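Novice: Handing you a structure now.
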Amino acid sequence: MSAAPEFELDEQYNYPVPPPGGWTADDLDRLPNLPRHTELIDGSLVFVSPQTEFHFRTMRLLENLLLEQAPEELDVFREFTVRLDRRNRPDPDLLVVPTGADTGPKGTWLKPEDVVLAVEVVSEDSVARDREVKPRKYAAAGIPHYWRVEENEGLPVVYVYELDPATRSYVPSGIFHGRLKLSVPFDIDIDLSSINQRRRGRP
């Protein structure tokens with residue numbers, strides 16, 4: 001038996017009622033009043049829980065240093081959807097994409113072939129999606145690199161995966177504590193213990 005909910009919805013609240021066959025990727029741009037960063041997984045809407053301090057600080061650290069270390073031909077997008085297919089449009093926490101992949105000022109999604117790296121920072125409500133569902137879909141769509149970031153004693157641990165193009169599945173490349181040092185998709189060196197440090201301005 002499910003426990004009684006700890007909150008009550010206003011009587012005026014209306015849940016979006018899916019059409020036969022579920023929602024489509026285009027519906028995310030048409031449905032009114034959706035919460036920010038709503039995702040579409042297998043035709044179902046997925047709402048994101050409030051962001052924790054760990055999630056915020058981890059994303060800030062990774063976004064800043066990926067931007068700093070990426071070559072000029074690559075850019076970093078934060079919380080931007082990827083249209084994998086008609087029924088799947090997830091919203092990864094971070095994306096590394098070619099600079100030319102910009103969809104324009106009114107664009108709302110990227111194509112999977114334009115994604116070099118997808119990063120998900122795991123939250124309590126996203127464990128199954130980030131560990132199982134999303135990596136399977138990202139790999140099937142041909143995204144070459146995937147990072148899953150989890151919390152351990154207040155610090156990020158990064159699980160790194162690389163696509164096996166023959167099987168269209170991810171192969172684990174390593175688990176990184178303290179320091180993330182990689183040569184693909186470009187030279188990366190991130191002090192994961194600096195999650196709580198503010199960046200200093202450049203001279």
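Each reported figure results from applying straightforward, stated rules to the coordinates on display, with no laboratory input. Quantities reported herein were computed from a predicted structural model and do not represent experimental measurements. Methodologically, a virtual Cβ is constructed for each residue, glycine included, from the backbone with ideal geometry; neighbour enumeration extends over all protein chains shown.
Novice: Residue under question is Val122, and the condition is that it be among the hydrophobic types (A, V, I, L, M, F, W, C) and in contact (Cβ under 8 Å) with a residue 60 or more places away in the chain; does it hold?
Specialist: The answer is no for Val122.
Novice: Here is a follow-up. Would you pick out the residues in region 31-73 that are farther than 25 Å from Ser193 by Cα and hydrophobic (A, V, I, L, M, F, W, C)?
Specialist: Once the filter is applied, which keeps residues that are farther than 25 Å from Ser193 by Cα and hydrophobic (A, V, I, L, M, F, W, C), region 31-73 yields Leu31, Leu34, Leu40, Ile41, Leu45, Val46, Phe47, Val48.
Novice: While we're looking at this one, here's another question. Of the residues in region 132-150, how many are farther than 16 Å from Arg78 by Cβ and either of a type in the set (S, T, N, Q) or within 11 Å of the chain's Cα centre (by Cα) (or both)?
Specialist: 5
Novice: Checking Arg129 against (1) under 20 Å from Asp75 (Cα atoms); (2) out of contact with any helix residue (DSSP H, G or I) (no Cβ under 8 Å at 6 or more places or on another chain), which test does it fail?
Specialist: It fails just one condition, (1).
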